[in-house]
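J.: Just passing along the structure, written as structure tokens.
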Amino acid sequence: MQHTESPEIEQPTPTMHMPKDEPNLPEGETEVETRDWKAAVLRGLRLRCPSCGEGKLLHSYLKVRHSCDHCGQELFHNRADDGPAYLTILIVGHILGFALHITFVLYRPDPLVLALIMSAVTIGTSLWLLPRMKGLVVAYQWAKRMHGF
Ligand SMILES: [Zn+2]
């Protein structure tokens, strides 16, 4: 059986698309301003409010504040979930994995000493990076207006 296209089906043409200058919004909704995600992510990495960059984003290590102390931006909409932990493992694993191999090949330390040092560096780096990755994820969600931001 041979498949042929039906001549009745109209193929999309460029003239059928919406013009770029007209926003394709549902009736009654106004266009919302776009947020600069790069600036927001940099603020999040500094553990600051993604909106103003002044107020603190977190309290008690990893808990996101209900709202910004400085500008009042609601921050409870975030749904970071496992994203910060995943990013932390991704980054620390790549850096320390290569460092482990390079250190062992170049310096041939005692394996127990190397394991203890690398474990301490891994734990320290992960604990330092985890809140910053949470700030990054929350800031990106804010910038892209995800989850009610
Ligand atoms: Zn703020």
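J.: Can you pull out the residues in the range 85-134 that are closer than 26 Å to residue 68 by Cα, of a type in the set (A, V, I, L, M, F, W, C) and in contact (Cβ under 8 Å) with a residue 24 or more places away in the chain?
T.: Of everything in the range 85-134, those that are closer than 26 Å to residue 68 by Cα, of a type in the set (A, V, I, L, M, F, W, C) and in contact (Cβ under 8 Å) with a residue 24 or more places away in the chain turn out to be 85, 87, 129, 130, 133.
J.: Filter the range 71-101 for residues that are assigned to a loop (DSSP other than H, G, I, E, B) and away from the ligand (no atom under 16 Å from the Cβ) and give the result.
T.: 79, 80, 81, 82 - these are the residues of the range 71-101 that are assigned to a loop (DSSP other than H, G, I, E, B) and away from the ligand (no atom under 16 Å from the Cβ).
J.: Of everything in the range 32-54, what is in a loop (DSSP other than H, G, I, E, B), more than 9 Å from the ligand (Cβ to nearest atom) and not aliphatic (A, V, I, L, M)? Give them in sequence order.
T.: Our first condition is that a residue be in a loop (DSSP other than H, G, I, E, B); within the range 32-54, this holds for 32-36, 46-47, 49-54.
Filter once more, keeping what is more than 9 Å from the ligand (Cβ to nearest atom): 32-36, 46-47.
33, 34, 35, 36, 46 - these are the residues of the range 32-54 that are in a loop (DSSP other than H, G, I, E, B), more than 9 Å from the ligand (Cβ to nearest atom) and not aliphatic (A, V, I, L, M).
J.: If you don't mind, there's one more thing I want to ask. Going by what's in this entry, would residue 76 be described as surrounded by 14 or more Cβ atoms within 10 Å (Cβ to Cβ), touching a His at 6+ places or on another chain (Cβ under 9 Å) and at negative phi? Lay out the reasoning, then the answer.
T.: Details: surrounded by 14 or more Cβ atoms within 10 Å (Cβ to Cβ): no; touching a His at 6+ places or on another chain (Cβ under 9 Å): yes; at negative phi: yes.
Taking the combined requirement at face value, the residue does not satisfy it.
J.: Right, here's the next one. Which residue, of 105, 137, 113, 121, is within 28 Å of residue 36 (Cα to Cα) and not in a loop (DSSP other than H, G, I, E, B)? Walk me through how you get there before you give the answer.
T.: Details: 105 fails: within 28 Å of residue 36 (Cα to Cα); 113 fails: within 28 Å of residue 36 (Cα to Cα); 121 fails: within 28 Å of residue 36 (Cα to Cα).
Of 105, 137, 113, 121, the one residue that is within 28 Å of residue 36 (Cα to Cα) and not in a loop (DSSP other than H, G, I, E, B) is 137.
J.: Please go through the range 55-70 and pick out each residue that is more than 12 Å from the ligand (Cβ to nearest atom), closer than 19 Å to residue 140 by Cβ and assigned to a loop (DSSP other than H, G, I, E, B).
T.: Selection gives 62 alone.
J.: Mind checking which pairs have a first residue in the range 73-84 that is farther than 11 Å from residue 134 by Cβ and a second that is of a type in the set (S, T, N, Q), Cβ under 6 Å, 6 or more apart or different chains?
T.: 73/51; 74/67; 75/67
No lab work stands behind these numbers, since they all come straight from the coordinates. These figures come from a predicted structure and were not determined experimentally. Please note: Cβ atoms are built from the backbone with ideal geometry, for glycine as well, and neighbour counts cover all protein chains shown.
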